[in-house]
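One structure is given below, encoded as structure tokens.
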Amino acid sequence: MVKGESQSVVAIFNVAMIGHVNPTFALVQELVQRGCKVHYFLPPNNDIRSAAQESGAQVEAYLAQDPQDLVLEKCDVRDDVPADEKAMWERAVWPLASTLLCGEYLIQRCKELGVEAVLYDPMAPHGLVVAKALGLPCASLVTYPGMGSLTDLMNDLQRDGRLAKAMEIRKDYSKAILEKFHVDVQDQMLTRRQYFASENFITTCAELVAPLPTPGEMAWADELRANFEFTAVGSMVSEAAPHVAKACSKLSLPDTFGCDLPTKELEDAARRGAKVVYVALGTMALSDRWGSDLGRQSAGNLPVGTTGKQFCQHVWAALLKASELLGEDYLFVMCVGTQPDAMDFMKERVQVPNVVLRSSLPQVEILSKHADVFISHCGFNSLQESLMLGVPLIAVPQSVDQPINAQKVQSCSWGQAFLHPMETVTPSSLAQAVQDVVVGSNRKAVEEVRVQLLGGAGRVADRLLQMSRDSKKASFGGS
């Protein structure tokens, strides 16, 4: 902060999803270190809120009384929607319905706090509405490799009319927002699955941003180019920042296998020279999407009807057999979540000597200090953490942006990828991939891209502080 300059005040709005919040904590640290006051608006979730506080932010609620049963993704969700339209309907409704519910309080609270600039996750328009209602500069933080990573999904949704149908579903909600807050959220756009601002930061380097379809090929991509600006700012992965290992919008079940680092097993592996294979298939598949159809959002990567449980158990079963094939030269450390039926595919609890099960683990710590290879669903947060910490990957993608991320892993020699994993993942194929990645040249390629990824938190902090200064000048008539 420049001497004599008043403290900048920034508000951040986010959802209770690990891959969306973890990249922000290094940014909060950077802003606070520069003398900025950060107010972080979060739904009820103790793990995420604690990490935000630890990073230096003041945590703010979405409603005045901070009801602990508030789940943004459940706002105005109905049970009478046909099963094949449920995901589309919910994705269209909850961002706007929750904004209608919380908007009045959020606007008033930010006004009281003297917020000068807003950063928000584009999953929902809370921050966008607050900024427009108060006349503040804002930007969205895109924690995946851009809409190009959803090309197959978006193309399918456009072709079968679901993007247009979602626009129709949103109409009444956006009209109510306009009447209540005098803010137009531009809901009648094909790309309003995401509520981008005029300025948007993608938390990666230019090489990892997924390209859009060529101009004129798909209407949704042309619309995106014409209306929004995206800047690749670099990764915000930091070993020094807090990191949430488990969290979801629902109440969590008790830990079944514990969350402590298996120190004894890791030390034993180091003594005998065994390679450590870290396995984590994503917190969403292990929690909110355990019983949900992942196939409909996978653009053909998974068969329609494949649930999070079916996907995870298929991979785990293959891994357990692969661990037997590879023997004591490898230690598998597997995160299996807290679902009570997680391991019911095993006829009996057989102890495999070179496998350790945990409900969750401190991912940044195990990647930075122990892992030789990371078997991952290839969510963008996990992908960048692995690259930034120098660990090659074996990508086993599910849906959304993960198949594109996995293809990038393969094409850039950062590891190997198993597209269509319900067909391609077998004990022998996984065992071979582990051996190839551990002894191959992937680590060199990972180190090369790491250099390009550095610096994201600093660049975003620079821009937000400039927004804050511009806001101050505007409030004083440019004086």
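Quick one: Ser376 ticks every box in (1) in contact with a strand residue (DSSP E or B) (Cβ under 6 Å, 6 or more places away or on another chain); (2) among the hydroxyl-bearing types (Ser, Thr, Tyr); (3) open to solvent by 20 Å² or more (accessible area, probe 1.4 Å) bar one, so which box is it?
Answer for Ser376: the failing condition is (3).
One residue is enough: does segment 393-415 have a residue meeting the conditions touching a helix residue (DSSP H, G or I) at 6+ places or on another chain (Cβ under 9 Å), closer than 28 Å to Val336 by Cα, open to solvent by 20 Å² or more (accessible area, probe 1.4 Å) and part of a helix (DSSP H, G or I)?
yes
Being small (Gly, Ala, Ser) and within 29 Å of Leu294 (Cα to Cα) is the filter here, so list the residues in segment 86-115 that pass it.
Ala87, Ala92, Ala97, Ser98
When you scan segment 170-181, do you find a residue that is of a type in the set (Val, Ile, Thr), surrounded by 18 or more Cβ atoms within 10 Å (Cβ to Cβ) and assigned to a loop (DSSP other than H, G, I, E, B), even just one?
no
Any idea how many residues of segment 201-246 are at pLDDT 95 or above, assigned to a helix (DSSP H, G or I), open to solvent by less than 40 Å² (accessible area, probe 1.4 Å) and among the aliphatic types (A, V, I, L, M)?
The total comes to 2.
So Ala87 fits all but one of (1) farther than 28 Å from Ser198 by Cβ; (2) within 21 Å of the chain's Cα centre (by Cα); (3) assigned to a loop (DSSP other than H, G, I, E, B); what number is the exception?
Answer for Ala87: the failing condition is (3).
How many residues are closer than 14 Å to Leu72 by Cα and either among the basic types (Lys, Arg) or in contact with a helix residue (DSSP H, G or I) (Cβ under 8 Å, 6 or more places away or on another chain) (or both) when one looks only at segment 13-27?
Number satisfying all stated conditions: 4.
Test each condition in (1) in a helix (DSSP H, G or I); (2) of a type in the set (Gly, Ala, Ser); (3) without any contact (Cβ under 8 Å) to a residue 60 or more places away in the chain for Ala431 and report the one that comes out false.
(3)
Would you be able to tell me the number of residues in segment 351-370 that are touching a helix residue (DSSP H, G or I) at 6+ places or on another chain (Cβ under 8 Å) and either in a loop (DSSP other than H, G, I, E, B) or of a type in the set (Val, Ile, Thr) (or both)?
Of the residues in that region, 7 qualify.
The values are calculated or read from the model by the stated rules, or taken from the named source; none is laboratory data. Owing to the predicted nature of the structure, the values given are computational and were not obtained by experimental measurement. All Cβ positions, glycine included, derive from the backbone under ideal geometry; neighbour counts span all protein chains shown. Side chains are part of the model used for accessible areas, which takes the heavy atoms of the whole protein and leaves out ligands, DNA and RNA. Shrake-Rupley method; radii C 1.70, N 1.55, O 1.52, S 1.80 Å.
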